[in-house]
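Peer 1: Please read through the structure below; I'll follow up with questions.
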Amino acid sequence: MPRISPFDKYVDQYEQWFVQHRRVYEAELRAVRGMIPTGGLGLEVGVGTGRFAGPLGIKSGVEPSKSMADIARKRGIQVLNAVAEELPFGDSRFDFILMVTTVCFVDNIGKSLEEAHRVLSDGRAIIIGFVDRNSKMGRIYLERKEENVFYKKATFFSVDELVEHMNNAGFTDPRFKQTIFGNLGETAEDEPVRPGYGEGSFVVIQASS
């Protein structure tokens, strides 16, 4: 079963995080936006409350949490209640797929990525944003995992681990961007987004199907 109960129960707390950490959210949004292809039909898998799909102009999403999906719909996103492992779409349906932190909460990372590959047209892009387990914030999240209602049930990946899973699912030619170079409270108004990984805590990977 998808790990959705905290997101149904604490959806207000989830939404408040983006208000309290506005600079972090905006930096993550900039990093993701720099990887989104121009034009084409996009889908966000694990759309949550639409915090990324909305500003990025992605009109379709899937989300297993009803509470979160309801908020995303209010933000103008067409949301189907579904899980990453069983996407309710035909083959080669989309030009790009976005997943932000979703990989931390799926039950089967391999199946989730295989499904994403299936519904993407040939040569199109998947974009994954996540907290690198080996980063400064990744290590803090791991140390405090039991204290966090959301991350208590999360699975954290390193960049290399996730790239290996992506390769196994058929994705190639990964590109990387990174941001959030200090603690959350130290995030600058104009927090930089840089190529590569290994320094920033939030990493975005784009790869081809």
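No value in this document is a laboratory result; all are computed from the given coordinates. The structure presented is a predicted model; accordingly, all values stated were derived computationally and were not measured. Backbone-built Cβ (ideal geometry, glycine too); neighbour counts: all protein chains shown.
Peer 1: Going out from 0 in 5 Å bins, what whole percent of all Cα-Cα distances in the range 120-209 drops into each bin?
Peer 2: 3, 14, 22, 21, 18, 13, 7, 2, 0
Peer 1: Could you sort 132-143, 63-74 so that the peptide with the highest average Cβ count within 10 Å comes first and the rest follow in order?
Peer 2: On the way: 132-143: 17.8, 63-74: 19.8.
Packing proxy ranking, top to bottom: 63-74, 132-143.
Peer 1: Can I ask one more? Calculate for the chain the 222 nm mean residue ellipticity that helices alone would give, adding -39,500 (n - 2.57) per DSSP H run of length 4 or more and normalising by residue count, nearest 500 deg cm²/dmol. Before the final figure, lay out each step's value.
Peer 2: Values: 8 runs with 69 residues, N = 209.
Taking each H run of at least 4 residues, the total per residue is -9000 deg cm²/dmol.
Peer 1: Using alpha carbons only, what's the Rg to Rh ratio of the range 44-156 with Rh from Kirkwood?
Peer 2: Reported Rg/Rh, Kirkwood definition of Rh: 0.98.
Peer 1: Looking at the calculated P(r) for the range 5-208, what percent of the C-alpha pair distances fall above 23 Å? Please list the in-between numbers first.
Peer 2: Numbers: 8235 of 20706 pairs.
Of all Cα-Cα distances in the range 5-208, 40 percent exceed 23 Å.
Peer 1: Return the percentage of antiparallel bridges among DSSP beta bridges fully within the chain, rounded to the nearest 5 %.
Peer 2: Of all bridge pairs located within the chain, approximately 50 percent are antiparallel.
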